[in-house]
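The block underneath contains the structure these notes are about, expressed in structure tokens.
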Amino acid sequence: MEKQNSKSKDGSIVIKPQKVRYIGETAPLELTNGRVYDVLSVEHGWYRILDDTHDDYLYPPKFFEVINE
């Protein structure tokens with residue numbers, strides 16, 4: 001099935017759904033190395049992700065690898 005992307009009101013691209021694996025250093029209460037996260041949107045080239053505290057933040061994509069399902 002092809003993924004459908006759309007734009008939100010603020011101009012960010014909303015992707016449905018995409019998973020990425022964090023490949024940076026583990027930061028307590030933020031991100032865990034090797035863990036798979038859902039990308040909520042891509043804004044200005046950065047990934048909006050729910051971190052380990054269940055808050056969403058923007059992270060640079062260089063710290064993630066895309067998981068193809």
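Each reported figure results from applying straightforward, stated rules to the coordinates on display, with no laboratory input. A quick note: this is a predicted structure, and the numbers were derived from the prediction, not measured. Cβ coordinates were reconstructed from backbone atoms using ideal geometry, including for glycine residues, and neighbour counts include every protein chain displayed.
I want to make sure I understand the PRE zone here: with the label point 7 angstrom from the Cα of E65 toward its beta carbon, which residues in region 36-52 have backbone N atoms less than 16 Å away? Once the point is set 7 Å along Cα→Cβ of E65, 36-37 turn out to lie under 16 Å by backbone N, inside region 36-52.
Of the two radii for region 30-69, the radius of gyration is 0.92 times the Kirkwood radius, both from the alpha carbons; that is the Rg over Rh value.
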